[in-house]
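Okay, structure first, notes after.
The values are calculated or read from the model by the stated rules, or taken from the named source; none is laboratory data. Everything quoted here is computed from the prediction, not taken from an experiment. Note that each Cβ is placed from the backbone with ideal geometry, even for glycine, and that neighbours are counted across all protein chains shown. Please note that ligands, DNA and RNA were not included when accessible areas were found on the heavy atoms of the full protein model with its side chains. Shrake-Rupley method; radii C 1.70, N 1.55, O 1.52, S 1.80 Å.
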Amino acid sequence: MALWMDAGSDPISESEKADLEAIAAIKEAAAVELKEQGNQFVKMGKKHYNDAIDCYTRAINQKALSDSDHSVLFANRAHVNLLLGNYRRALSDSEEAIKFCSTNIKAYYRAAKAAFSLNLLAEAASLCQRGLEQVPSNDELKKLLMQIDLRRKEDEHQKAQVLQAVASAKELSSAMENRGLKLGKGLYQELTGIRKPVLDKSGILHWPVLLLYAEVMSSDFIEDFCETDMFSSHLDIMFSEDSQPLPWDEYHAYTREAVELYYQAGTGILLSNKEVLKYLLDGTVKSVPEGFFDEEKDSGKDLDSSVSHLSTNYGKWIHINEKKTLLDILRCSDYIIPAIPVFFVVSKKSEFYKLFRAGKWSPP
């Protein structure tokens, strides 16, 4: 009986030949029917796409159709996988379709579209070109090739932006490291947003600085505090005779001669080299090269090992000499910059002053 014959053996009788032909005819009919069922499932909508894939798969497994028909089956399954967002499967099916029939233009288009969706731009462009070699007038392939070229240009522009942002972040990080500055995790960013220092062409750092009025926890913000500026120059402007009193300062205690600035010694969580770069790049680009931060050496800095051992003033309020520059203060061994410099303003005329100086107040 032909059904029991070993694979690859030649039929030895006309009866066995007839059996094999009958089996082939049944498998062919089944494959054709499954293909048609698959097509109907596609027309019925997304809920039936998996049923369509199952039908095409079973039809392929019959191995009973011609190469051109097999090419159509793989291309049809690729089409459904594209609709489902299964781009890897769609690309694989389309490539199989092309192997069976090198002139299947739909297979080239679907392969290129799947590769494009996977951002395999070189492969997608090559597939479009190969398809256009078969049918030079195909508008779908021409349109897709234009989209691929546009995406490639956008990616190149994005890459250039990323490289520029990374270079700037590294330059900024090096400038802070060379000054011996210690950058920590951000505080009060709900007041400042993602603000960062800027390194000008002369190699001078310009910082955004947050001033907090400890008594009421309101704030002022200095957009550009040059590291070479003395604190007195900014306070002179903020509390000049022409300036309006602070709206909450009922007793007008916060005058130029009465205000003092402080920072809290040794508080904060130091950032590692990797974390500093992440902070400096945050908000500048959509993404950085994969593995970029893994390549950066991590200093492994932490608060206990790097700061508390340098000062006996941990947690104490340190008065800022107004004649000092911003850089002078940022370089203090017990000051951790909480992303951007934050200083606390108090008034010698306020009743709050004694409480603050006695160390009986801490930020909420």
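Numbers for the structure displayed
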{"item": "Close pairs (8 angstrom Cβ cut-off, 6 or more residues apart or separate chains): farther than 14 Å from Arg77 by Cα in the stretch 104-118, among the charged types (D, E, K, R) and surrounded by fewer than 24 Cβ atoms within 10 Å (Cβ to Cβ) anywhere", "result": "Ala115/Glu123; Phe116/Arg151; Leu118/Arg88"}
{"item": "Those residues of the stretch 162-187 which are open to solvent by less than 80 Å² (accessible area, probe 1.4 Å) and in a loop (DSSP other than H, G, I, E, B), in sequence order", "result": "Arg179, Gly180, Leu181, Lys182, Gly186"}
{"item": "Pairs where the first residue, in the stretch 13-35, is over 22 Å from Cys55 (Cα atoms) and the second is assigned to a helix (DSSP H, G or I), C-beta under 6 Å, 6+ apart", "result": "Glu16/Ala2; Asp19/Ala2; Leu20/Ala2"}
{"item": "Hey, Lys159 modelled with pLDDT under 95, open to solvent by 100 Å² or more (accessible area, probe 1.4 Å) and assigned to a helix (DSSP H, G or I) or not", "result": "yes"}
{"item": "Check on Asn104, under 30 Å from Ala25 (Cβ atoms), surrounded by 15 or more Cβ atoms within 10 Å (Cβ to Cβ) and polar (S, T, N, Q)", "result": "yes"}
{"item": "Elements of type strands (runs of 3 or more DSSP E) contained in the stretch 188-279, each with 2 or more residues being open to solvent by 30 Å² or more (accessible area, probe 1.4 Å)", "result": "218-226"}
{"item": "Filtered residues of the stretch 128-150 (kept if open to solvent by less than 70 Å² (accessible area, probe 1.4 Å) and either under 19 Å from Leu73 (Cβ atoms) or of a type outside the set (A, V, I, L, M, F, W, C) (or both))", "result": "Gly131, Asn138, Asp149"}
{"item": "Hey, Ala160 among the aliphatic types (A, V, I, L, M) and more than 27 Å from Phe239 (Cα to Cα) or not", "result": "yes"}
{"item": "Filter pass, Ser306 being over 30 Å from Asp155 (Cα atoms), open to solvent by less than 40 Å² (accessible area, probe 1.4 Å), modelled with pLDDT of 95 or more and in contact with a strand residue (DSSP E or B) (Cβ under 8 Å, 6 or more places away or on another chain)", "result": "no"}
{"item": "Contacts under 8 angstrom Cβ, first residue in the stretch 261-279 being within 22 Å of Pro363 (Cβ to Cβ), partner assigned to a helix (DSSP H, G or I) and among the polar types (S, T, N, Q), 6 or more apart", "result": "Leu270/Ser306"}
{"item": "Hits in the stretch 325-346 - residues which are assigned to a loop (DSSP other than H, G, I, E, B) and open to solvent by 10 Å² or more (accessible area, probe 1.4 Å)", "result": "Arg331, Cys332, Ser333, Asp334"}
{"item": "Condition broken by Ala253, with the remaining ones in (1) more than 29 Å from the chain's Cα centre (by Cα); (2) modelled with pLDDT under 95 satisfied", "result": "(2)"}
{"item": "Output for the stretch 347-364, where each listed residue is open to solvent by 30 Å² or more (accessible area, probe 1.4 Å) and not hydrophobic (A, V, I, L, M, F, W, C)", "result": "Lys348, Lys349, Glu351, Tyr353, Lys354, Arg357, Gly359, Lys360, Ser362, Pro363, Pro364"}
{"item": "The listed residue being modelled with pLDDT of 95 or more, out of contact with any His (no Cβ under 8 Å at 6 or more places or on another chain), acidic (Asp, Glu) and farther than 27 Å from Tyr335 by Cα, out of Glu133, Glu215", "result": "Glu133"}
